[in-house]
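Before any comments, here is the structure.
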Amino acid sequence: MTSTSTSSPHQFPEGSDAFPHRHLLGIAGLQPWEILYLLKEAEQWVDLNKKSSKHADRLDGLTVINAFFENSTRTLLSFEIAGKRMGADVVNMHAAQSSVKKGETLIDTAVTLNSMKADAIVIRHASSGAVQLIADKVDCPVLNAGDGRHEHPTQALLDALTIQRRKGDISGLTITICGDVMHSRVARSNIYCLTTLGAKVRVCAPPSLLPDALDRMNVESFTNFDDALAGSDVVMMLRLQSERMSGDFIPSPREYHYLYGLTKERLKNAKPDALIMHPGPMNRGVEIDSEVADDLERSAITEQVEMGVAVRMACLDILTRKSRGVEGWS
Ligand code: NCD
């Protein structure tokens with residue numbers, strides 16, 4: 001397995017000018033150097049996370065609330081581990097056990113979280129825009145852990161870090177995102193992130209799962225997977241997000257696999273060293289075959305999870321610098 005250094009010769013603005021945002025709600029609107037700064041900062045945490053003692057005291061005494069109104073395994077765990085490794089007190093709120101089930105409005109929940117004096121709030125919600133609504137009501141930084149089909153910024157950042165470490169500079173790479181683009185916040189955030197960093201992004205899906213908005217997103221759309229794969233450096237597969245579908249978007253999972261499933265045979269259309277990615281959870285045998293997902297040389301899927309912790313540590317660190325009074329960030 002090769003690993004290319006991510007240290008870029010890029011000169012970053014000083015202090016808070018390097019990332020002058022209060023929240024991380026999405027990738028849209030971020031400047032390339034802001035994204036690269038987050039990735040550069042994440043590198044130090046990748047190194048720490050490989051050690052046997054993984055404790056840093058940077059967020060000592062701070063409280064991070066993970067408010068998850070939608071199911072999650074890796075994102076919730078990853079944010080929890082990130083906060084704990086940096087010394088913060090991390091509290092998880094699961095909507096299923098919260099007053100949301102008793103009819104409390106999102107704004108009342110936000111006001112409640114705010115009164116508890118959190119230093120950062122991480123939110124996942126099924127509605128696009130819900131995270132912004134909460135961010136407008138609280139005094140601390142808010143990190144979007146996925147809102148509806150809108151954005152999932154830390155996923156795009158961890159994907160970019162994974163690609164950068166494996167392939168070097170992202171600029172000029174051909175990256176194909178295939179699957180349920182229509183319902184995917186991962187696709188949207190990745191499109192913003194990778195195009196901002198200069199990649200050529202292709203998206204591929206059945207016509208029923210290709211959103212119209214793609215015309216404005218600086219990507220090339222395909223409905224034929226073999227055509228999309230030709231010359232690809234990276235192949236990112238997406239799950240069919242049936243929880244966000246009303247009605248049938250595909251004839252059957254079997255037919256979908258036949259046309260859009262990543263098999264060993266089909267992968268031959270991409271570059272011989274093309275990297276395989278998937279944000280998880282995977283539906284093996286539907287969008288991706290196990291033979292491909294578990295290929296230790298080509299698949300970066302477990303590395304994506306590893307990079308997720310480092311990226312979230314960097315985001316928590318950077319966004320709390322102002323409240324911690326870090327020099328240059330007040
Ligand atoms: C993604 C999500 O929740 O949007 N998963 C994740 O965060 N790792 C993708 C998905 O659910 O398919």
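Data table
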{"quantity": "1 or more residues within 15 Å of the ligand (Cβ to nearest atom) and surrounded by 15 or more Cβ atoms within 10 Å (Cβ to Cβ): qualifying helices (runs of 4 or more DSSP H) within region 79-172", "calculated": "130-135, 153-167"}
{"quantity": "Tabulated pairs, region 238-265, first under 11 Å from Gly179 (Cα atoms), second of a type in the set (Phe, Trp, Tyr) and exposed (fewer than 15 other Cβ atoms within 10 Å of the Cβ), C-beta under 6 angstrom, 6+ apart or interchain", "calculated": "none"}
{"quantity": "Where Asn66 falls short, out of the listed (1) under 17 Å from Gln155 (Cα atoms); (2) more than 16 Å from the ligand (Cβ to nearest atom)", "calculated": "(2)"}
{"quantity": "Filter pass, Val181 being in a helix (DSSP H, G or I), within 25 Å of Pro253 (Cβ to Cβ) and touching a helix residue (DSSP H, G or I) at 6+ places or on another chain (Cβ under 7 Å)", "calculated": "no"}
{"quantity": "Residue match in region 250-261 (condition: within 24 Å of Ser299 (Cβ to Cβ), away from the ligand (no atom under 16 Å from the Cβ) and not in a helix (DSSP H, G or I))", "calculated": "no"}
{"quantity": "Single condition Val309 does not satisfy, out of (1) surrounded by 16 or more Cβ atoms within 10 Å (Cβ to Cβ); (2) within 16 Å of the ligand (Cβ to nearest atom); (3) part of a loop (DSSP other than H, G, I, E, B); (4) not acidic (Asp, Glu)", "calculated": "(3)"}
{"quantity": "Residue pairs meeting the criteria (Cβ under 8 Å; at least 6 apart or on separate chains; first under 11 Å from Cys204 (Cα atoms) and touching a residue at least 24 places away in the same chain (Cβ under 8 Å), in region 163-189; second within 16 Å of the ligand (Cβ to nearest atom) and of a type in the set (Ser, Thr, Tyr))", "calculated": "Cys178/Tyr260; Gly179/Tyr260"}
{"quantity": "Unique match (being assigned to a loop (DSSP other than H, G, I, E, B) and farther than 21 Å from Ile163 by Cα) among Asp57, Asp17", "calculated": "Asp57"}
{"quantity": "Single match in Ala42, Ala56 (criterion: crowded, with 19+ Cβ neighbours inside 10 Å and either out of contact with any Asp or Glu (no Cβ under 7 Å at 6 or more places or on another chain) or at pLDDT below 95 (or both))", "calculated": "Ala42"}
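The values are calculated or read from the model by the stated rules, or taken from the named source; none is laboratory data. Please read all numbers here as calculations on a predicted model, not as lab measurements. As a convention, Cβ positions derive from the backbone with ideal geometry for all residues, glycine included, and neighbour counts pool all protein chains shown.
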